[in-house]
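What follows is calculated from the coordinates using simple rules that are stated; it is not laboratory data. Note that this is a predicted model, so its numbers are computed, not measured. Cβ coordinates were reconstructed from backbone atoms using ideal geometry, including for glycine residues, and neighbour counts include every protein chain displayed.
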Amino acid sequence: MKETELITIRDEDLNLLLTEIFQRYGYDFTNYARASLRRRITRLMLIDRLPSFAELFYRVRNDENYFTHIIQQLTVNVTEMFRDPQMFKVLREEVLPVLATHPFIRIWHAGCSTGEEAYSMAILLEEANLLHKSLIYATDINPHVIENIQRGIFSMNHMKIYSENYILAGGRREFSSYYTAKYDWAKFDDRLKTRMIVATHNLVSDRSFNEFQLICCRNVLIYFDKDLQDKVLTLFDDSLDKLGFLVLGSKENIRFTKVASKYRQMENREKIWRKVK
Ligand SMILES: C[S@@+](CC[C@H](N)C(=O)[O-])C[C@H]1O[C@@H](n2cnc3c(N)ncnc32)[C@H](O)[C@@H]1O
């Protein structure tokens, strides 16, 4: 039996915890997919060696610093550069040429974790000679991961796979020309972030803050229940220009959601939709 199977969290306890987190800290996780939330909380209890759910509840209620730690544990921050390279290839070959016709390009990476996705986009824009007239908004709920976007420093261990992804995404330059290696770290060129605006933004509670030609929100909606997915997609719809592009993760879809009838999926079967109404 796995260690995680020894802990069972009752529905009413989970509800109580989520209500406490919301009332005390203003973060609303109530419409996150329950199975995944339960797994994350169980993991948190194991990592922190909490003997009971009551102990966890006590810590959340009484220790403000502990909450920062909870945010890290409840959100899944896995990401990589040029993740799903085929999708980036379609962006490069079919979407950027359309965006190039605009005088100014605004792109929103919502839930972009430590920023690998935003740096990948900056590289695509630079290679298409569009970076100078673009703004990339890189946002996430988690203030800790946001700090890394500003730094632009990623582990050297990942560079081999990122470089392979870049080539699969149609990259032709030497990937290492985009960063300086120092010890175990790769520091990406500052010029890539000159057109980046980095901020915390909570998709559950914060509003639309601009109009965009492209919104990428990948591997975030899978953690939300159906109602919250609808709400967030409506937020994107309000924030997207007519004929703008919406990009989701490989397991996400807008089929059967409130906004579905306003969008047409691009023919190449990547998770890219165009707003047609
Ligand atoms: C698995 S990562 C995806 C990162 C990147 N988009 C990718 O596909 O590689 C999910 C991200 O969603 C963020 N997230 C979760 N809930 C959020 C919310 N309510 N508002 C904004 N971001 C959120 C998490 O902090 C995490 O960084």
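Couplings 3J(HN,Hα) for segment 220-231, derived from phi with the Karplus relation 6.51 cos²θ - 1.76 cosθ + 1.60 (θ = phi - 60°), are 10, 4, 4, 8, 10, 7, 4, 4, 5, 4, 4, 5 Hz, where x marks Gly and Pro. Scanning the chain for GluC sites (Glu not before Pro) lying in DSSP loops with no more than 10 further Cβ atoms inside 10 Å, the longest uninterrupted stretch between such sites is 1-173.
How high is the relative contact order of the chain, in percent, with contacts defined as C-alpha pairs under 8 Å that are six or more residues apart? It comes to 17 percent, rounded to a whole number. An ellipsoid equivalent to segment 9-84, defined through the eigenvalues of its Cα gyration tensor, has semi-axes of 22, 14, 14 Å when rounded to whole angstrom and sorted largest first. Couplings for segment 10-16, taken from phi via the Karplus curve 6.51 cos²θ - 1.76 cosθ + 1.60 with θ = phi - 60°, read 6, 3, 5, 5, 4, 4, 4 Hz in order; Gly and Pro are left as x.
Relative to the longest principal axis of the Cα atoms of the chain, the long axis of helix 116-127 makes an angle of roughly 10 degrees. Electrostatic tally near residue 57: other residues with Cβ closer than 14 Å to its Cβ, Lys and Arg +1, Asp and Glu -1, net -2.
So what is the 222 nm mean residue ellipticity for the chain from helices alone, if each DSSP H run of at least 4 adds -39500 (n - 2.57) and you divide by all residues, rounding to the nearest 500 deg cm²/dmol? It comes out at -11500 deg cm²/dmol, rounded to the nearest 500. With both residues required to sit in segment 85-275, DSSP beta bridges show an antiparallel share near 40%. Applying the Karplus relation 6.51 cos²θ - 1.76 cosθ + 1.60 with θ = phi - 60° to segment 131-143 yields 3J(HN,Hα) values of 4, 4, 10, 10, 10, 10, 8, 10, 10, 7, 6, 8, x Hz, where x marks Gly and Pro.
Ordering 25, 97, 165 by the projection of their Cα atoms onto the charge dipole of the chain, which places +1 on the Cβ of Lys and Arg and -1 on the Cβ of Asp and Glu, puts 97 at the extreme positive end.
Placing +1 on the Cβ of every Lys and Arg and -1 on the Cβ of every Asp and Glu, with no other charges, gives segment 3-74 a dipole of roughly 160 debye about its Cα centre. The base-10 log of I(q)/I(0) for the chain, evaluated at q = 0.12 Å⁻¹, reads -0.80 [Debye formula, identical scatterers on Cα atoms, solvent excluded]. If the limit is 20 Å between Cα atoms, which of 251/277; 133/193; 133/160 go over it? From the list (251/277; 133/193; 133/160), the Cα-Cα distance tops 20 Å for 251/277; 133/160.
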